[in-house]
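The values are calculated or read from the model by the stated rules, or taken from the named source; none is laboratory data. The model shown is predicted, which means the values in this text are computed figures rather than measured ones. All Cβ positions, even for glycine, are placed from backbone atoms using ideal geometry, and neighbour counts span all protein chains on display. Keep in mind that these areas ignore ligands, DNA and RNA; they rest on the heavy atoms of the full protein, side chains included. Shrake-Rupley method; radii C 1.70, N 1.55, O 1.52, S 1.80 Å.
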Amino acid sequence: MFNVSAYPRCAKRLHHQQVNLKDDKFTEYWAAVNVASELSDAQMTEFGGFDFADRSVPNGKKLLKRLEEFFVWRSQKYAKNSVLASDTLKALLGSRGIKTSALKSEDDYWKAAETLFPGRIARNGGFTSLAVQIHSIPKKERKRLAAANLRSVPADWISEASVHRAKL
């Protein structure tokens, strides 16, 4: 048995795979293989630096470390794409009662978020920064804050969905 806490992103994937980490035959190498099996070969090739030919424990540790670096690289690569960040914002705000089609500018997104989550949003950066800030608020707290502050949002920005109208 080995400790995967040094590799939090890999540990999360292994947890979702319901891997038995207590099995003596399950080594760092096989953990890396399990994690990599769900990843895009094209992205891993683009990132580079993976050698699965050596099945040793030391190589398994190197692979897990490299996979952690890969996850950071991949998230940074896609976070730079404001279209993806915008979709994330639409989901985060839309689920809390905001009609995102009514938001016409980046400033509108900031205003909506600042109104729903007062004191939890600091204007710095673009869509990506805003999405990260909203997502970092615990889910239950996001729900509570949004329900309490939805009335403060301009009426034409509030979703027509009955579930959101009931909160008014």
The chain: calculated mean residue ellipticity at 222 nm from DSSP helix runs of at least 4, using -39500 (n - 2.57): -17500 deg cm²/dmol
1.4 Å probe accessible area per residue over the chain, in Å²: 59
Approximate spin-label separation SER136-GLU38, in nm, with each point projected 7 Å along Cα-to-Cβ: 2.5
Solvent-accessible surface (1.4 angstrom probe) belonging to LYS111, in square angstrom, nearest 10: 90
The stretch 1-64: GluC sites (Glu not before Pro) falling in loop per DSSP and having at most 11 other Cβ within 10 Å: GLU38
Of LYS62/LYS139; LYS22/LYS140; LYS12/LYS111; LYS99/LYS143; LYS12/LYS139; LYS65/LYS90, pairs whose Cα-Cα distance is over 26 Å: LYS62/LYS139; LYS22/LYS140; LYS12/LYS111; LYS65/LYS90
Karplus 3J(HN,Hα) series, Hz, for the stretch 42-50 with 6.51 cos²θ - 1.76 cosθ + 1.60 (x for Gly, Pro): 4, 5, 5, 5, 4, 6, x, x, 10
Residue among LEU92, LEU63, LEU39 with the largest mean-square fluctuation in a Gaussian network model of the chain, springs linking Cα atoms under 10 Å: LEU39
Label point distance in nm, ALA102-ARG120, each placed 7 Å from Cα along Cα→Cβ: 2.1
With every protein chain in place, the chain: carbon and sulfur % of accessible area (1.4 Å): 53
